[in-house]
Amino acid sequence: MDQEFENIKCLIIGSGPAGYTAAIYAARADLKPVVYQGLQPGGQLTITTEVDNFPGYPEGITGPEMMEQLKKQAERFGTEARWGIVTEVDFSSRPFKISADDGKRIMADSVIIATGASAKWLGIESEKKFNGQGVSACATCDGFFYRGKDVAIVGGGDTAAEEATYLAKLCKKVYMIVRRDELRASKAMQEKVFNTPNIEVMWNHTTKEILGDFSGVNGVLLQNVKTGEDKQLAIHGFFVAIGHSPNTEIFKGKLDMDDMEYIKTVPGSAKTSVEGVFAAGDVQDHHYRQAITAAGSGCMAAIEAERFLSSK
């Protein structure tokens, strides 16, 4: 028998800082939001150890703790947070039809997408082993912990070049591991790298193994792709900067996206190409990718959803 649809005023897909902030604002506006938490409840911050750059936490806080607090705050105002993932969306007419893996079928008057982005990893075992213990995909988030130490960063594009120069201000030495004999980064970013004395580019090298012990990362084993020769470096932090993939698979063909498959929003707003559907956080922002900017755009999305619903 065809299951009946459940009516929801404001459905939020995703549960990082953007999703939970949207839920706090939507719940306080009496939109009775329902949050589907997704594959990684709490988002990327749940794989971050210390968060030191989010305002209001002078002593710092761990990523998982912070997400738990945001979730409780959203629930305090009446948000319903559900385990599970949204599997299908139909934005062709309002109310929007949504299916989830818990078997529920939903008619939503408004939708806020906050599914985030996932860092691309190298895919080696030791990378998983030391994730959060010296291995990171965000220099802006974690660089501070390696002040005065030697670190390595993998990648040859703009993000890697930008993060390498950022790390160079904090760290004693930055090894930039580049598979090719040139950088893919823009000329301006390349100049920055080459003019920073404490960045050493390891051309034609790949990462074979990240080395460490119970206290975390203490080295990296590289291989020269041309000679096959191995080289070991002593480091304390290992950063992966080979890009991010937005979690937009189920929205393909339903919303306008850029060439990197991030959801396009109207500049200065959270509005997408479909009226009543809003996007917040890293799913539409490949520039800043910070918890605080994600939270800010979650607030924007909820305010816009509330205005949209009251105008109908």
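Mind checking whether some residue in the stretch 176-183 is buried (at least 20 other Cβ atoms within 10 Å of the Cβ) and in contact with a Phe, Trp or Tyr (Cβ under 8 Å, 6 or more places away or on another chain)? Steps first, answer last, please.
Initially, the stretch 176-183 is screened for residues buried (at least 20 other Cβ atoms within 10 Å of the Cβ), giving 176-178, 183.
Filter once more, keeping what is in contact with a Phe, Trp or Tyr (Cβ under 8 Å, 6 or more places away or on another chain): 178.
Scanning the stretch 176-183 turns up at least one residue that is buried (at least 20 other Cβ atoms within 10 Å of the Cβ) and in contact with a Phe, Trp or Tyr (Cβ under 8 Å, 6 or more places away or on another chain).
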Point to revise | Set 124, 106, 98, 24: member being under 30 Å from residue 221 (Cβ atoms), touching a residue at least 24 places away in the same chain (Cβ under 8 Å) and not charged (D, E, K, R) | key: 124
Exercise for review: Out of the residues in the stretch 242-281 that are touching a Phe, Trp or Tyr at 6+ places or on another chain (Cβ under 7 Å) and of a type in the set (Gly, Ala, Ser), state the one that is farthest from residue 116 (Cα to Cα).
Suggested key: 276
Practice item. Check whether at least one residue in the stretch 264-278 is buried (at least 24 other Cβ atoms within 10 Å of the Cβ), assigned by TED's automatic domain parsing to the domain that holds residue 71, in contact (Cβ under 8 Å) with a residue 60 or more places away in the chain and not β-branched (Val, Ile, Thr), and report yes or no. Key: yes
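Table: residues versus (1) not charged (D, E, K, R); (2) not assigned by TED's automatic domain parsing to the domain that holds residue 274.
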{"residue": "51", "(1), (2)": "yes, no"}
{"residue": "56", "(1), (2)": "yes, no"}
{"residue": "59", "(1), (2)": "no, no"}
{"residue": "76", "(1), (2)": "no, no"}
{"residue": "90", "(1), (2)": "no, no"}
{"residue": "140", "(1), (2)": "yes, yes"}
{"residue": "143", "(1), (2)": "yes, yes"}
{"residue": "154", "(1), (2)": "yes, yes"}
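Taking the options 226, 252, 192, 187, name whichever one is within 30 Å of residue 88 (Cβ to Cβ) and of a type in the set (D, E, K, R).
Working: 226 fails: within 30 Å of residue 88 (Cβ to Cβ); 192 fails: within 30 Å of residue 88 (Cβ to Cβ); 187 fails: within 30 Å of residue 88 (Cβ to Cβ).
Being within 30 Å of residue 88 (Cβ to Cβ) and of a type in the set (D, E, K, R) holds for just one of 226, 252, 192, 187, which is 252.
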Revision key, fill the gap. The strands (runs of 3 or more DSSP E) lying wholly within the stretch 87-163 that contain at least 2 residues that are more than 30 Å from residue 176 (Cα to Cα) and of a type outside the set (Ser, Thr, Tyr) are 96-100, 105-113
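Please find, within the stretch 263-287, the residue that is nearest to the chain's Cα centre (by Cα) out of those that are within 19 Å of residue 108 (Cα to Cα) and part of a strand (DSSP E or B). Steps first, please.
Filtering the stretch 263-287 down to residues within 19 Å of residue 108 (Cα to Cα) leaves 270-280.
From the residues that got through so far, the ones that are part of a strand (DSSP E or B) too are 271, 277-279.
Values: 271: 20, 277: 20, 278: 17, 279: 14 Å.
If we take residues in the stretch 263-287 being within 19 Å of residue 108 (Cα to Cα) and part of a strand (DSSP E or B), then 279 is nearest to the chain's Cα centre (by Cα).
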Point to revise | the stretch 93-107, residues that are among the acidic types (Asp, Glu) and touching a Ser or Thr at 6+ places or on another chain (Cβ under 9 Å) | key: 101
Check your understanding: Can you find even one residue in the stretch 65-74 that is under 18 Å from residue 297 (Cα atoms) and among the charged types (D, E, K, R)?
Key -> yes
Exercise for review: Please go through the stretch 31-50 and pick out each residue that is buried (at least 21 other Cβ atoms within 10 Å of the Cβ) and under 24 Å from residue 215 (Cα atoms).
Suggested key: 44, 45, 48
Review point. Applying the selection to the stretch 228-241, what residues are surrounded by fewer than 21 Cβ atoms within 10 Å (Cβ to Cβ) and touching a residue at least 12 places away in the same chain (Cβ under 8 Å)?
Key: 230, 231, 232, 233, 234, 236
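Yes/no matrix, rows are residues, columns are (1) modelled with pLDDT of 95 or more; (2) under 15 Å from the mean Cα position of the chain (by Cα):
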site	(1), (2)
2	no, no
18	yes, yes
43	no, yes
60	no, no
64	no, yes
81	yes, no
Exercise for review: Read through the list (1) part of a loop (DSSP other than H, G, I, E, B); (2) in contact with a helix residue (DSSP H, G or I) (Cβ under 6 Å, 6 or more places away or on another chain); (3) of a type outside the set (Lys, Arg), then give the number of the only condition that residue 299 fails.
Suggested key: (1)
Exercise for review: Being farther than 19 Å from residue 6 by Cα, among the aliphatic types (A, V, I, L, M) and under 18 Å from the mean Cα position of the chain (by Cα) is the filter here, so list the residues in the stretch 101-143 that pass it.
Suggested key: 114, 117, 119, 122, 135, 137, 139
Review point. Any chance the stretch 225-246 includes a residue that's among the small types (Gly, Ala, Ser), within 27 Å of residue 24 (Cβ to Cβ) and assigned to a loop (DSSP other than H, G, I, E, B)?
Key: no
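Among the residues of the stretch 3-24, write down those that are outside any loop (DSSP other than H, G, I, E, B) and buried (at least 24 other Cβ atoms within 10 Å of the Cβ). Quick ask: steps written out before the conclusion?
From the stretch 3-24, those outside any loop (DSSP other than H, G, I, E, B) are 6-13, 17-24; that's our starting set.
If the condition is that a residue be outside any loop (DSSP other than H, G, I, E, B) and buried (at least 24 other Cβ atoms within 10 Å of the Cβ), then 10, 11, 12, 13, 17, 18, 19, 20, 21, 22, 23 are the ones that fit.
So, in the stretch 191-209, of the ones that are in a strand (DSSP E or B) and among the hydroxyl-bearing types (Ser, Thr, Tyr), which residue ends up surrounded by the fewest Cβ atoms within 10 Å (Cβ to Cβ)? Let's see the steps before the verdict.
Quick first cut of the stretch 191-209, residues in a strand (DSSP E or B) only: 199-202, 205-209.
Checking the rest, the ones that are also among the hydroxyl-bearing types (Ser, Thr, Tyr) come to 206-207.
Working: 206: 15, 207: 20.
Restricting to residues being in a strand (DSSP E or B) and among the hydroxyl-bearing types (Ser, Thr, Tyr), the top hit is 206.
The values are calculated or read from the model by the stated rules, or taken from the named source; none is laboratory data. Quick caveat: nothing in here was measured; it's all calculated off a predicted structure. Ideal geometry is used to build each Cβ from the backbone, glycine not excepted, and the neighbour counts take in all protein chains shown.
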